[in-house]
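What follows is one structure encoded as structure tokens, with my remarks underneath.
Here, each number is a calculation from the coordinates, and none is a lab measurement. Note that this is a predicted model, so its numbers are computed, not measured. Here the Cβ positions follow ideal geometry from the backbone for every residue, glycine too, while neighbour counts run over all protein chains shown.
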Amino acid sequence: MNIYLFINKRSRLYGIIFSLLCCICLGLGGCKKFLDTKPDKQLSVPTSLNDLSLLLDNRQRFNEGYPAFGQISCDDYYLLNDVFNALSQAEQRNYYLWLPDNTNLGDWSRPYQAIYYTNVVLDLLPQIPVATHETLLRDRVEGSALFYRAFALYELAQAYTPAYEPGKALNLPGLPLRLDPDFNKPSVRASLEATYAQIISDLSKAVNLLPPRAEFYLRPTRAAAWGMLARVYLTMQNYPQAVNCADSCLQLQSTLVNFNSLPVTASSPMPEPSANPEVLFFSTLSLSSIFNASRSRVDSFLYRSYKMMDLRKKAFFIQNADNSYSFKGSYQKRTTYSIFNGITTAEMYLVRAEGLARQGAITGAIGSLDSLLIQRIQTGSFVPTTVTSATEALDKILIERRKELCFRGLRWTDLKRLNTTLEHQTVLTRIINGETYQLMPGSPDYVALIPEKVIQLSGIPQNER
């Protein structure tokens, strides 16, 4: 059986605040002792739309703490020997060197906690009377729950499932799809095809329910749902649909920040996320000391790929005393050990550009790319991109995607996706303490091991190694 959590109405803050006392039981395992405990008389469930809305306004649950496995494992950065040797958490060292690790329970359980919250909301919603003036609130609550569930499933899939390849996903392992709050149902791994179908289904419903704009920047919007669909379809290599969804997103919100207006030499040059018009949805990966700017060093090849007049070179990076560089261009603004992995308009321009290039629509592809680049290049220095073929257009767009979206939790998914074709495969290399480690395209090490405690308690099959 499976235990999620239960709801405890404990206090009032901005109305009713619910504290969910979690018994995830190690990420979907069993917990009979917990079930045998007599319920507290004070325990209750939400009884109004406002209650459900407040349940979803939980930054720590829905906007923070998504799996950091891919960002730790990717090639945006490198560690010096002394920094690596000082890492206190074994899973960070193992992830960095692409070694097997089945101990990191948090990256697995936190998204499933978020999924349980959404299932509680979606299960209770039909039982709550809705007044005529509450119709829009009801739609927003349902749309938000569907969006958050899809987002959590997608982030889990990037860490714990192989790359999605059309025609192969039906026979590849996906995730346990927990779609209701009944913790007695056993966990079963769905196929990768079914996993992505569920993500698409939730988001497709959400776009018709969410408002165009949010009263609070942490909440999802219709533009965010279209943007997330574009990201998902790109991951699935369904490029026509990725273009369509990116277009729908940009029709609602298309503003880009002109980097000429930023204090690019400042230690934290980006606008606050609540005031950044590029941010469609705000979220971050789980905390990791590796992401401290004083520890991680920007990949030297990546840094050299920016031209002198490219303002991202100053806005994104800061030079260290040893002439290496660290990343400073986070869209979450705050100096923490976590990485912004939310959705932005800049990403949408790149999704649209890549999708069009793959369909041979060169003019539209380069037009979308240049719409972004003109906002990143020093005033008076922008030169329109010229190409002679769709292949050349695609290559340039992928280079710019690499440069624009570094340290954003997206590189790992891009590596997995691009490694499925010979022309864009990448071999990753680390050198630590005199030893060389390599990650080859298509390696099973691109997929994180499910925590062993989850395997023991749920009986779901482990990923291959």
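Here are the numbers:
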| item | result |
| --- | --- |
| Overall dimensions of segment 358-465 as given by Cα atoms, namely Rg and Dmax in Å | 19.4, 62 |
| Cross-link pairs beyond the 18 Å C-alpha cut-off, checked among K328/K403; K307/K416; K328/K416; K185/K205 | K307/K416; K328/K416; K185/K205 |
| Antiparallel %, DSSP beta bridges [both residues in the chain], to 5 | 95 |
| For M270, residues with placed amide H under 5 Å, excluding near neighbours | none |
| Extension reserve of the L287-Q319 stretch, reckoned as 0.36 nm per residue once the Cα distance is removed | 9.2 nm |
| Relative contact order for the chain, counting Cα pairs under 8 Å that sit 6 or more residues apart, in percent | 19 |
| Globularity index of the chain, i.e. its alpha-carbon radius of gyration over 2.2 N^0.38 Å | 0.97 |
| Sequence-distant residues sharing a close amide H with T284 (under 5 Å, placed H) | E64, G65, Y66, N341 |
| Segment 108-184 shape via C-alpha gyration tensor axes, a/c threshold 1.5 | prolate |
| Amide H contacts under 5 Å for A190, placed H, 5+ residues apart | G174, L175, L177 |
| Hz values of 3J(HN,Hα) by residue in segment 48-65 - Karplus curve (6.51, -1.76, 1.60), Gly and Pro given as x | 9, 4, 4, 4, 5, 4, 5, 4, 8, 8, 10, 4, 5, 7, 10, 10, 9, x |
| Cα-Cα separations in segment 288-358 greater than 13 Å, expressed as whole percent | 72 |
| Gyration tensor (alpha-carbon) shape descriptor, segment 383-429, a/c threshold 1.5 | oblate |
| Rounded to whole Hz, the Karplus (6.51, -1.76, 1.60) HN-Hα couplings of segment 346-362, x for glycine and proline | 4, 4, 5, 4, 6, 4, 4, 4, 5, x, 5, 4, 5, 9, x, 8, 5 |
| Kirkwood hydrodynamic radius of segment 168-287, from inverse mean 1/r over distinct Cα pairs, in Å | 16.7 |
| Centroid-to-centroid separation of segment 176-205 and segment 329-403 [C-alpha atoms, Å] | 32 |
| ³J(HN,Hα) computed for each position of segment 146-160 - Karplus, 6.51 cos²θ - 1.76 cosθ + 1.60, integer Hz, glycine/proline x | 5, 4, 4, 5, 5, 4, 5, 4, 4, 5, 4, 5, 5, 8, 10 |
| Extension reserve of the Q456-M309 stretch, reckoned as 0.36 nm per residue once the Cα distance is removed | 47.5 nm |
| Tensor-based shape of segment 280-319 (alpha-carbon gyration tensor, a/c under 1.5 rounded, otherwise prolate or oblate) | oblate |
| Peptides ranked, highest mean first, by Cβ atoms within 10 Å: ranges 229-238, 265-274 | 229-238, 265-274 |
| Rounded FRET efficiency, nearest 0.05, which uses the C-beta distance separating E423 from N208 and R0 of 35 Å | 0.40 |
| Contour excess over end-to-end distance, with Cα ends at Q378 and Q359 and 0.36 nm allotted per residue | 3.8 nm |
| S254-I399 FRET efficiency (beta carbon distance; Förster radius 22 Å; 0.05 resolution) | 0.45 |
| Residue-count net charge about V383 - beta-carbon cut-off 15 Å; Lys, Arg +1, Asp, Glu -1 | 0 |
